[in-house]
Amino acid sequence: MRRVPVRLGGRSYTIRIAAGILGRAGDELRAASDAERVFLVSDTAVHRLYGARVERSLRARSFRVHRFLLRPGEREKTLESVRRIYDALLAAGADRRTLLAALGGGVVGDTAGFAAATWHRGIPFAQIPTTLLAQIDASIGGKTGVDLPGGKNLVGAFHQPAAVLADPACLATLPAREYRAGLAEAVKYGMIRDSRFFRLLEKSAEGLSAREPALLERVIERCCRIKAEYVAADERDRTGKRAELNYGHTFGHAIEAAAGFARVRHGEAVAIGMAAASHVSMRLGLLDPADRARLLTLLETLGLPVGGVPADRGTLFRLLLRDKKTEGGRLRIVLTKGIGLATVRPSVPEPLILEALGEVCTRSSGRRRRRSHGGEP
Ligand SMILES: NC(=O)c1ccc[n+]([C@@H]2O[C@H](COP(=O)([O-])OP(=O)(O)OC[C@H]3O[C@@H](n4cnc5c(N)ncnc54)[C@H](O)[C@@H]3O)[C@@H](O)[C@H]2O)c1
Ligand SMILES: [Zn+2]
């Protein structure tokens, strides 16, 4: 088992990564919490695959188990879902001796986490992430929340989990497109923080495409360590350090908004966003063109798009200005001074942003190489 500590004083916790850990969830949560019962939130697709295994393990360690299921998908990440979770918590008589556990992807984790943060002003919470994105990103760091019709993640709270249990074996059932989208965040960690990890990803295309459990454990651990460092340095996203995790995201959010959230996966938008951000870095003389070429090659090898946005650059630019990362009219963009070295630039010239957007709008999407990741779902 691999263990990654998240050091946050009294709110510290450990991420545990091991193939098969889902079947030992009861032991792990028993060790991490003195709760009498577990209120399990999942979605119907994940629960069908893994719910019985987790619940059996919880009951074996004498937890009373309650269950609440969302429908799969981002459309359920709403205040209405949270309200329905509150109703079920009330019916179950849940109090601070109840541990709320989220079994699923980032949608389940964010929604259930927000319910845990606010029910009785906060009850204990555990994350059991089942998508690659949730295992390396969404389940770590305590950001919880839901979407409003006016935008994503507009309502939320910080609420750190008491434990995170990541089982790489359950990624075997993840649709190919979801899996690839998660890999974009792994590439992001390499770009902002760790050139050796970036090289590991470059060398491991085949193993990643085969979803080799041992390799995945290693990749997940490295990503978790990097995210945990950022979270420990800037838990509430206030000093600007945690903002480095938004590499590719300022462009990515504009791309998601332009393409429609249902049509482009977050990770795909981040991949194109990294292509745009690296163009800016290169034009500012921060990033060697050969290193940018390595980034684009790696993304394409992993089956991710690096262009082909179905929007014009003017539309993308307007959406980008709307993004919350703009401060005082200036565009703060995360760039890289080489592979593995993030730097935040407080004021990137607008013409350069437009140029980068133009570049990714006209570049072909890179989809032709996707077959290596198990075909379309
Ligand atoms: N809190 C944070 O710090 C943070 C960070 C990044 C992203 N997020 C949020 O995460 C959300 C996206 O999460 P996601 O990409 O995990 O998507 P998701 O939760 O929608 O899951 C994707 C799909 O995969 C299915 N699925 C999940 N695990 C599976 C498995 N093991 N086998 C088969 N199918 C499985 C789900 O049913 C769902 O249909 C977004 O709402 C985003 O805002 C939050
Ligand atoms: Zn992201």
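The values are calculated or read from the model by the stated rules, or taken from the named source; none is laboratory data. These numbers were taken from a predicted model, which means no experiment stands behind them. Note that each Cβ is placed from the backbone with ideal geometry, even for glycine, and that neighbours are counted across all protein chains shown.
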Name the single residue, out of those in the range 70-106 being over 23 Å from GLY26 (Cα atoms) and β-branched (Val, Ile, Thr), that is nearest to ligand 2 (Cβ to nearest atom). THR78
Restricting attention to the range 126-146, which residues are near ligand 1 (Cβ under 6 Å from one of its atoms) and in a helix (DSSP H, G or I)? LEU133, ALA134, ASP137, ALA138
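Just wondering, is there one or more residues in the range 183-198 that are closer than 25 Å to MET1 by Cβ, near ligand 1 (Cβ under 9 Å from one of its atoms) and touching a Leu at 6+ places or on another chain (Cβ under 8 Å)?
Yes - at least one qualifying residue is present in the range 183-198.
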Enumeration of residues in the range 147-176 that are in contact with a Phe, Trp or Tyr (Cβ under 8 Å, 6 or more places away or on another chain), more than 22 Å from GLY9 (Cβ to Cβ), part of a strand (DSSP E or B) and of a type in the set (A, V, I, L, M, F, W, C): VAL155
Restricting the range 286-320 to residues that are hydroxyl-bearing (Ser, Thr, Tyr) and closer than 21 Å to VAL187 by Cβ, the residue that is surrounded by the fewest Cβ atoms within 10 Å (Cβ to Cβ): THR297
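Yes/no per residue for (1) assigned by TED's automatic domain parsing to the domain that holds GLN160; (2) crowded, with 21+ Cβ neighbours inside 10 Å; (3) away from ligand 2 (no atom under 16 Å from the Cβ); (4) more than 15 Å from the chain's Cα centre (by Cα):
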| residue | (1), (2), (3), (4) |
| --- | --- |
| ARG225 | no, no, yes, no |
| ALA233 | no, no, yes, yes |
| ASN246 | no, yes, no, no |
| GLY252 | no, yes, no, no |
| GLU268 | no, yes, no, no |
| ILE272 | no, yes, no, yes |
| ALA276 | no, yes, no, yes |
| VAL280 | no, yes, yes, yes |
Counting only helices (runs of 4 or more DSSP H) entirely within the range 195-266, those with at least 3 residues that are among the β-branched types (Val, Ile, Thr) are 213-233
Out of all the residues in the range 306-314, is one or more assigned to a helix (DSSP H, G or I) and within 28 Å of SER204 (Cβ to Cβ)? no
